[in-house]
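**Student:** Encoded as structure tokens, here's the structure I'll be asking about.
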Amino acid sequence: MAATTESVRADAAEAPLLNKTNLIAGFMLYLVFYSFIRWYEGVYGWSAGLDSFAPEFETYWMNMLYIELVLEVIISAALWGYIWKSRDRKVMSITPREELRRHFTHWTWLVMYGWAIYWGASYFTEQDGTWHQTIVRDTDFTPSHIIEFYLSYPIYIITGVSAFLYAKTRLPTYNEGLHLMYLVAVIGPFMILPNVGLNEWGHTFWFMEELFVAPLHYGFVFFGWAALAIMGVVNTEVMAITKLLKKDLA
Amino acid sequence: MSASQSAVRSRAEAVAVSRTFDWMILFTLFTAVLGGYHIHYMLTGGDWDFWSDWKDRRLWVTVAPIVSITFPAAVQAMLWYRYRLPVGATICVLALLLGEWINRYMNFWGWTYFPVNFCFPSNLMPGAIVLDVILMLGGSMTLTAVVGGLAWGLLFYPGNWPIIAPLHVPVEYNGMMFTLADLQGYHYVRTGTPEYIRMVEKGTLRTFGKDVAPVSAFFSGFVSVIIYFLWHFFGKWFNKTDFISGENV
């Protein structure tokens, strides 16, 4: 009887399998932050973002670029460093329940990665199209680029690498080596950022107008395909979770 | 880890855990596919999809289905062959359309003030449903590629006809005759407006008059069959669960 009471108490004190607060807070963090960014674009895109030689462009857009670049370096170094430094060195000896809990935390990271990819690859990328159809570019650092290339892309890169590092350092499933499709799912979309170099180089030579289907943009397309590698990650996760639950679901 | 230990305390908890994972997986798959498919589609067929004055009877009808059958074929390769879920194409197109509609409203209209009846996205749903139904009934990738791929191309224009038809009626403006969609474009000047950029109604196929759209759709369906095959195999490759050693990286 005493042992049962102890057990119930231990259960009540135990951390939940899925930390819903983290999941909802993470989701809201991206949503609120990007809503603010969209508001900022709406106000300062038109009032200070049309002429890159104007002093207000420096104030509202170039300073934003410098601030976001510095913050991204600091946040990525701190986050990735923390995940790596706090890694579990005895990952193969955790209990099944702890493993299940970590899969939930891992999926919280993956949900954030998908959410960040949506904002970067869908929302802010197509938005760039309509901005450049409207305002002829006179700089590589247009308001839409400062948000799309140098904010939303680094954010999904930071999120994706964090998810990968979490899986690699805390889940037995990923202990046997490097998961090929996980690498593709993280490195492929990451490569969209270096491909910006090709894009800007080409626009500097050839295009002032906007033709979104121009071959110059196909590098983005190629690396965008890598998002499909999430399917390989899902398959591996389904197998791992099934292994943990199978006998209880039978 | 001990194999005899259980990760859950009861069957009810196992079921709840399983359902929660389903939702998290679905959200991640949906948003990742949305991002990848959207960036692919906007940069290979986007200009025809953005503006009604690009939605012509020839190149829009040809290009849009060819470049858009890619992700549906790849995701079908995952969801059908691994999980027997005949919804791969529908999920892809729903994701793409959601991303596009949010963008056209929030940004094309909300930021740069193009009216929505000028920048609405193309409708790909009929083709997606047919592609999934053929896979479900036939259970064959080859059948889906040949019949479904052809249907994907052929259904695109009819699927968009109720939307685009009112904008394809002729109007006379300053002594010139063109479509109502062209008139919209004339008034909403963009950096993609000049005729050396705008790729519409080019070539001798125009001399066939009313037959332009069916011929274009047929050709589009033919290429879609080939693209389906190719992307189905891409999809299978992306489904791998292999590990590699650090030395190979």
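**Student:** Scan (1) of a type in the set (S, T, N, Q); (2) more than 8 Å from chain B (Cβ to nearest Cβ); (3) touching a residue at least 60 places away in the same chain (Cβ under 8 Å); (4) under 29 Å from A:PRO96 (Cα atoms) for the single condition A:THR236 breaks and write down its number.
**Tutor:** (2)
Here's the yes/no breakdown for (1) assigned to a helix (DSSP H, G or I); (2) touching a Pro at 6+ places or on another chain (Cβ under 6 Å); (3) of a type outside the set (D, E, K, R):
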| site | (1), (2), (3) |
| --- | --- |
| B:TRP101 | yes, no, yes |
| B:ASN117 | yes, no, yes |
| B:ASN123 | no, no, yes |
| B:PRO126 | yes, no, yes |
| B:ILE129 | yes, no, yes |
| B:ASP132 | yes, yes, no |
| B:LEU137 | yes, no, yes |
| B:THR142 | yes, no, yes |
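**Student:** Contact list please: Cβ distance under 8 Å, first residue in the stretch A:78-107 and within 11 Å of another protein chain (Cβ to nearest Cβ), second residue of a type in the set (Ser, Thr, Tyr) and exposed (fewer than 14 other Cβ atoms within 10 Å of the Cβ), pairs at least six apart or on different chains.
**Tutor:** A:THR95/B:SER2; A:PRO96/B:SER2
**Student:** Here is a further query. Would you check if B:GLU195 is of a type in the set (Asp, Glu), over 17 Å from the mean Cα position of the chain (by Cα) and either away from every other protein chain (no Cβ under 14 Å) or under 30 Å from B:TRP80 (Cβ atoms) (or both)?
**Tutor:** Values: of a type in the set (Asp, Glu): yes; over 17 Å from the mean Cα position of the chain (by Cα): yes; either away from every other protein chain (no Cβ under 14 Å) or under 30 Å from B:TRP80 (Cβ atoms) (or both): no.
Here the answer is no, as B:GLU195 does not meet what is asked.
**Student:** Is there any pair linking a residue in the stretch B:9-27 that is more than 13 Å from A:LEU17 (Cβ to Cβ) and facing chain A (nearest Cβ under 7 Å) to one that is in a helix (DSSP H, G or I) and of a type outside the set (A, V, I, L, M), with Cβ under 8 Å and at least six apart or on different chains, and which?
**Tutor:** So the pair list comes out as B:ARG11/A:ASP248; B:ILE25/A:TRP107; B:ILE25/A:GLU237; B:PHE27/A:GLY114; B:PHE27/A:TRP115.
**Student:** Which pairs have Cβ atoms under 8 Å, sit 6 or more apart or on different chains, and link a residue in the stretch A:116-135 that is within 7 Å of chain B (Cβ to nearest Cβ) and surrounded by 24 or more Cβ atoms within 10 Å (Cβ to Cβ) to one that is among the small types (Gly, Ala, Ser) and not in a helix (DSSP H, G or I)?
**Tutor:** So the pair list comes out as A:GLN133/B:GLY192.
**Student:** Among the residues of the stretch A:234-250, how many are modelled with pLDDT under 90 and in contact with a helix residue (DSSP H, G or I) (Cβ under 7 Å, 6 or more places away or on another chain)?
**Tutor:** First, pick out the residues of the stretch A:234-250 that are modelled with pLDDT under 90: A:246-250.
This time we only want the ones that are in contact with a helix residue (DSSP H, G or I) (Cβ under 7 Å, 6 or more places away or on another chain), so: A:248-249.
Of the residues in the stretch A:234-250, 2 are modelled with pLDDT under 90 and in contact with a helix residue (DSSP H, G or I) (Cβ under 7 Å, 6 or more places away or on another chain).
**Student:** A follow-up question, please. Among the residues in the stretch B:51-62, are any facing chain A (nearest Cβ under 8 Å) and of a type outside the set (Ser, Thr, Tyr)? Before the answer, list the steps.
**Tutor:** At the first step, the residues of the stretch B:51-62 found to be facing chain A (nearest Cβ under 8 Å) are none.
No, because not a single residue in the stretch B:51-62 is facing chain A (nearest Cβ under 8 Å) and of a type outside the set (Ser, Thr, Tyr).
**Student:** Shifting gears a bit: What single numbered condition from (1) touching a Phe, Trp or Tyr at 6+ places or on another chain (Cβ under 7 Å); (2) closer than 30 Å to B:ARG19 by Cβ; (3) not charged (D, E, K, R) fails to hold for A:LEU31?
**Tutor:** Here A:LEU31 meets the rest and fails (1).
**Student:** Out of the residues in the stretch A:204-221 that are in contact (Cβ under 8 Å) with a residue 24 or more places away in the chain, in a helix (DSSP H, G or I) and surrounded by fewer than 20 Cβ atoms within 10 Å (Cβ to Cβ), which is farthest from the other protein chains (Cβ to nearest Cβ)?
**Tutor:** Taking the stretch A:204-221 as the starting set, the residues that turn out to be in contact (Cβ under 8 Å) with a residue 24 or more places away in the chain are A:204, A:208-210, A:212, A:219-220.
In the following step, the residues that additionally are in a helix (DSSP H, G or I) were identified as A:204, A:219-220.
Still in the running and surrounded by fewer than 20 Cβ atoms within 10 Å (Cβ to Cβ): A:204, A:219.
Numbers: A:THR204: 16, A:GLY219: 9 Å.
This residue is A:THR204.
**Student:** Moving on. B:GLY246 - would you say it is at positive phi and surrounded by fewer than 17 Cβ atoms within 10 Å (Cβ to Cβ)? Give the steps one after another, and end with the answer.
**Tutor:** On the way: at positive phi: no; surrounded by fewer than 17 Cβ atoms within 10 Å (Cβ to Cβ): yes.
Here the answer is no, as B:GLY246 does not meet what is asked.
**Student:** Just for the stretch B:1-38: of the residues that are among the aliphatic types (A, V, I, L, M) and touching a Phe, Trp or Tyr at 6+ places or on another chain (Cβ under 6 Å), which one is surrounded by the most Cβ atoms within 10 Å (Cβ to Cβ)?
**Tutor:** Here is the first cut: in the stretch B:1-38, the ones among the aliphatic types (A, V, I, L, M) are B:1, B:3, B:7-8, B:12, B:14-17, B:24-26, B:29, B:32-34.
Next, from what is left, pick out any that are touching a Phe, Trp or Tyr at 6+ places or on another chain (Cβ under 6 Å): B:24, B:34.
Numbers: B:MET24: 21, B:LEU34: 28.
Out of the qualifying residues, it is B:LEU34.
The values are calculated or read from the model by the stated rules, or taken from the named source; none is laboratory data. This one's a predicted model, so the numbers in the text were calculated from it and none came from an experiment. Using ideal geometry, Cβ is built from the backbone for each residue, glycine included, and neighbour counts are taken over all protein chains shown.
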